[in-house]
Amino acid sequence: MSAQTDPADLPGVTKEHTPAPDAARLPGPRGGQAHKDGHGGGSSEGKVLNVFSHGVLVIWGLLVTMPLLWAVVSSFKDDSEIFGSPWGLPSVLHFENWSRAWDKANMGQYFLNSLIVVGGSLIGTMLLGSMAAYVLARFDFPGNRFLYFLFVGGMGFPVILALVPLFFVMKNMALLDTYHGLILVYIAYSLPFTVFFLSGFFRTLPTSVAEAALIDGASHTRTFFQVMLPMAKPGLISVGIFNFLGQWNQYLLPTVLNVGEPDKKMLTQGLVALAVSQGYKGDWSGLFAGLTIAMLPVLAAYIIFQRQVVAGLTAGALK
């Protein structure tokens, strides 16, 4: 066999199994350059974009957290330290600022009023909103789409346009300056967003589970409360947090509908009154203490349920 014999001509060797020449297997300058041009540029662009996005997030986080931390730190200072060293730490923790805001500024009563109203309205909103969203998402009947878009349209209706007629309706029904009156108004205010959010979430849940429960003899009510509602827990927690934030920070509605008895004011009304009175008195430390008291429930709710909020917001996209 001469040195010029082709390996494919040997017995038992096919062209498919013919090994490639070494020169063809070795990456040449042209192949390495193509690899560099194809992936090197994208990798560098991805790194630049990653650094830029992280930088934006860090700046945004500082813009959000720094005012909150500054308010909390200032609530433990006295007035001279607030103006003398506004960015420094307090030399002594003045807990009397909190007690003065809680007792003398009546923040404790306002806090309790907001807790009663927001607690009752949140329960009613979640109960009614989840039932309405489940029916609109899982049942077909005449007028289904009309009712759904009616709720969606309610999200875009300006509340300020309804204040005057709402005031007279509440007055005629003897609901002004009452806890249950504000609870009903808060429920009506929060229902459109709740139905819109939960109806989309209920559509992502598997229908086979509900069908299996109905085959086993469960009624629609039992299927909803014992099967579908527990499965919608992430969505319920997410929309519950958003409703809690909106209702806890609500100022316009209680200002119009809760103007009679001072002892029934909401926390937001109390903060405005505290800002006016403490501004004249020069008790800025008490004002920061009252502001921190109002912020704590919102911060605590989000810190405790932050994982559930993210899970509820991304559940529809992941399924």
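Observations on the structure shown:
- Taken over the stretch 225-260, the criterion of being among the hydroxyl-bearing types (Ser, Thr, Tyr) and under 20 Å from Val310 (Cα atoms) is satisfied by Ser238 alone.
- A residue that is free of Cβ contacts under 8 Å to residues at least 40 places away in the same chain, touching a helix residue (DSSP H, G or I) at 6+ places or on another chain (Cβ under 9 Å) and more than 25 Å from Leu299 (Cα to Cα) cannot be found anywhere in the stretch 245-261.
- Extreme residue, modelled with the highest pLDDT, among residues of the stretch 26-75 that are part of a loop (DSSP other than H, G, I, E, B) and open to solvent by less than 70 Å² (accessible area, probe 1.4 Å): Ser75
- Helices (runs of 4 or more DSSP H) contained in the stretch 76-158 and holding at least 2 residues open to solvent by less than 30 Å² (accessible area, probe 1.4 Å), among the aromatic types (Phe, Trp, Tyr) and in contact with a helix residue (DSSP H, G or I) (Cβ under 7 Å, 6 or more places away or on another chain): 107-138
- Neighbours by Cβ (under 9 Å, 6+ apart or cross-chain): first from the stretch 151-168, farther than 18 Å from Leu182 by Cα; second assigned to a helix (DSSP H, G or I) and of a type in the set (Val, Ile, Thr): Phe151/Thr194; Phe151/Val195; Val152/Val195; Gly154/Val195
- For the stretch 205-218, a residue qualifies if it is over 32 Å from the mean Cα position of the chain (by Cα) and open to solvent by 60 Å² or more (accessible area, probe 1.4 Å), and the qualifying residues are Leu214, Ile215, Asp216, Gly217.
- Of the criteria (1) touching a helix residue (DSSP H, G or I) at 6+ places or on another chain (Cβ under 6 Å); (2) surrounded by fewer than 20 Cβ atoms within 10 Å (Cβ to Cβ); (3) among the hydrophobic types (A, V, I, L, M, F, W, C), which one Phe202 fails: (2)
- Members of the stretch 246-269 found to be of a type outside the set (Ser, Thr, Tyr), open to solvent by less than 50 Å² (accessible area, probe 1.4 Å) and part of a helix (DSSP H, G or I), listed by number: Gly246, Gln247, Trp248, Leu253, Pro254, Val256, Leu257, Leu267, Gln269
The values are calculated or read from the model by the stated rules, or taken from the named source; none is laboratory data. Quick caveat, the model's predicted, so the values are computed rather than measured. Reconstructed Cβ throughout: ideal geometry from the backbone, glycine too, with neighbour counts over all protein chains shown. These accessible areas exclude ligands, DNA and RNA; they are computed on the full protein's heavy atoms, side chains included. Shrake-Rupley method; radii C 1.70, N 1.55, O 1.52, S 1.80 Å.
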